[in-house]
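Colleague: Here's a structure for you.
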Amino acid sequence: MNVRIAAACALIPGALALAPAPAWPAEGTIVGTWRLVSMTTRDAATGKERHVWGERPLGYLFYTPGGRMSAVVAKADRKISADSAGRAAPDEQAALFRDSFGYAGRYTLTEDGVVHHVEVASDPTWIGNDQRRLTRLEGNRLTVTSPPVASAASAEPQAFVLVWERVE
């Protein structure tokens, strides 16, 4: 074995032991499948919250033990007049796009949350970017909060707050 490789391999366990552990509950992990319970926006200036896509939006969030994640969220009760989204009128297709999103990639745990390293997304401007999220894990509920951002819904910065329930 190459001496340099052997020396580097010998250092890896010690380096990993020195890395700070994320501040997650000892009994909890985000690994698993989560169903969306609610999705609200919180105005950064006033703290006022509102439901983005109604009281019961649809969605799933997946975290694998190997460090991959995927999320898909949609407004409930979306309607189209065609038998498939590809055959819908352009205005209906635009509404379907506006009322849903999805993305996937790798994830990294941090002291106060998680960073999603986006590799594929319904919004191509997210690809190759990191999405930082604050998280709170309480029992079988995971609350994921985005930093305040301006959006199509409001020019004023809004934080998105998504509450998920573990399903497996």
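The values are calculated or read from the model by the stated rules, or taken from the named source; none is laboratory data. All figures in this text were calculated on a predicted structure; none of them were measured in a lab. Don't worry about glycine lacking a Cβ; one is built from the backbone with ideal geometry, like all the others, and counts go over all protein chains shown. Accessible surface is based on the protein model in full, side chains and every heavy atom, while ligands, DNA and RNA are left aside. Shrake-Rupley method; radii C 1.70, N 1.55, O 1.52, S 1.80 Å.
Colleague: Look at S70 and say whether it is open to solvent by less than 60 Å² (accessible area, probe 1.4 Å) and of a type in the set (S, T, N, Q).
Modeller: Considered against the rule, which asks whether it is open to solvent by less than 60 Å² (accessible area, probe 1.4 Å) and of a type in the set (S, T, N, Q), S70 comes out as yes.
Colleague: List the number of the failed condition for A76; all other conditions in (1) open to solvent by less than 30 Å² (accessible area, probe 1.4 Å); (2) farther than 15 Å from V31 by Cβ; (3) part of a strand (DSSP E or B) hold.
Modeller: So the condition that A76 fails would be (3).
Colleague: Looking only at the stretch 114-168, count how many residues are over 12 Å from the mean Cα position of the chain (by Cα), free of Cβ contacts under 8 Å to residues at least 40 places away in the same chain and assigned to a strand (DSSP E or B).
Modeller: 5
Colleague: Let me ask another. When the residues of the stretch 94-108 are narrowed to those that are touching a residue at least 12 places away in the same chain (Cβ under 8 Å) and not in a strand (DSSP E or B), which ends up most open to solvent (accessible area, probe 1.4 Å)?
Modeller: Among those residues, the one meeting the criterion is R98.
Colleague: Same structure, new question: Name the single residue, out of those in the stretch 145-168 being under 22 Å from T110 (Cβ atoms) and aliphatic (A, V, I, L, M), that is surrounded by the most Cβ atoms within 10 Å (Cβ to Cβ).
Modeller: L162
Colleague: Could you run through the stretch 120-132 and say how many residues are touching a Phe, Trp or Tyr at 6+ places or on another chain (Cβ under 9 Å) and either surrounded by fewer than 16 Cβ atoms within 10 Å (Cβ to Cβ) or under 22 Å from E168 (Cα atoms) (or both)?
Modeller: Adding up the residues that qualify gives 4.
Colleague: While we're on this one: Failed condition for V118, given (1) touching a helix residue (DSSP H, G or I) at 6+ places or on another chain (Cβ under 7 Å); (2) closer than 19 Å to S38 by Cα, with all others met?
Modeller: That leaves (2) as the condition not met.
Colleague: Now for a different question. I want to confirm something. Restricting to the stretch 24-45 and keeping residues that are open to solvent by 40 Å² or more (accessible area, probe 1.4 Å) and not in a strand (DSSP E or B), which single residue is modelled with the highest pLDDT?
Modeller: Taking the candidates together, the pick is V31.
Colleague: Of (1) in a loop (DSSP other than H, G, I, E, B); (2) closer than 18 Å to W34 by Cα; (3) of a type outside the set (K, R), D83 satisfies all except one. Which?
Modeller: Against the list (1) in a loop (DSSP other than H, G, I, E, B); (2) closer than 18 Å to W34 by Cα; (3) of a type outside the set (K, R), D83 comes up short only on (2).
Colleague: So, of the residues in the stretch 53-64 that are modelled with pLDDT of 95 or more and surrounded by fewer than 17 Cβ atoms within 10 Å (Cβ to Cβ), which turns out to be farthest from the chain's Cα centre (by Cα)?
Modeller: Here the residue is T64.
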